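Beneath this line is the structure, given in structure tokens, with notes to follow.
Laboratory data are not the source of any read-out in this text; all were calculated from the coordinates shown. Predicted model only: the values in this text are computed from it and were never measured. Neighbour counts are summed over all protein chains in view; Cβ atoms, including those assigned to glycine, are modelled from backbone coordinates with ideal geometry.
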Amino acid sequence: MQSAIGQILSDKPRQRSLAVAVWLATILLDFGIVTFHFDAMSRGALAILSLTLIVGLTEGDRISLGLRLAPRQGWAPWIRITAVISISVAICMAIGVGVMHLAGRQIPFYTTPPDQFVARLLDMCFVYPTLEEAIYRMVLCVPLVALSGCWRTIAISGILFGALHVAYGNPSPENLVGGFFLAWAYLKSDSILIPFILHAGGNLIVLIGQTAGWYFL
């Protein structure tokens, strides 16, 4: 797979090395913040600082950063692609739930009271997607794809995104596989808007399910 993400760093070894150091430090700090339950402001400051450094190292090249207003293929193909991703994630969820059930492990199900819906909507569909797409897609993928290619970048981004949700205490199947799809969508579309929309949309579905669960469980 070819991608324009990170292309400006391909022939700039010094800037690429510095950018790799930025993403490594950022991931370590983000895991530390999540593990020690610091607030979202700490993660926001980290995302802003790291993204500023990556923008500087890429000389503000918006194509390498994925700052497009539309995906490279146009919007129409992504309607179909989104449907395929949704079905794939649903299958992964079903398999994961089945495996947990056969292993005798309790399947956690979180509920959201209706009076918390708006606050959770802001967190789940704007704050977390913004922070995590900035860190686990832009800061991570931009230097890494220039260093090791698309598929290794997708694998590393997906693994770290899944590990992040284990650190959150929310290792549900969709969170463990979602990062792979989001990284692939970023590199395939050359636009950060696509993984952000997929991330926010997936969280919205989860939030609606949690609110419905409050009524019925």
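Could I have the simple spin-label model distance between residue 76 and residue 95, label points 7 Å from Cα toward Cβ, reported in nm to one decimal?
Result for the modelled spin labels: 3.2 nm.
How big, in percent, is the set of alpha carbon pairs in the stretch 166-217 lying more than 19 Å apart?
More than 19 Å apart: 38 percent of the Cα pairs in the stretch 166-217.
Which of the peptides 71-81, 35-45 is most tightly packed, and how do the rest follow, judged by the mean count of other Cβ atoms within 10 Å per residue?
71-81, 35-45
Which length gain, in nm to one decimal place, applies between residue 35 and residue 214 when the Cα-Cα distance is subtracted from 0.36 nm times their residue separation?
Full extension of this stretch gives 61.7 nm more.
Compute the distance in nm between two label points, each set 7 Å from the Cα along the Cα-to-Cβ direction, one at residue 45 and one at residue 12.
Computed distance between label sites residue 45 and residue 12 equals 2.8 nm.
How much length, in nm to one decimal, is gained on full extension between residue 21 and residue 205, taken as 0.36 nm per residue of separation minus their Cα-Cα distance?
62.7 nm
Once Rg and Dmax of the Cα atoms in Å is worked out from the coordinates, which option in [x] 16.7, 48; [y] 20.1, 67; [z] 17.6, 57 does it equal?
The value matching this structure is [z].
Mind putting a number on the dipole of the chain about its Cα centre? Charges go on the C-beta only, +1 for Lys and Arg and -1 for Asp and Glu, and I need it in Debye to the nearest 20.
Details: 13 positive and 11 negative charges, 97 e Å.
Its charge dipole is roughly 460 debye.
Give me the one-decimal nm value for the distance between modelled label points at residue 170 and residue 118, 7 Å along each residue's Cα-to-Cβ direction.
Placing both labels 7 Å beyond Cα along the Cβ direction yields 2.1 nm.
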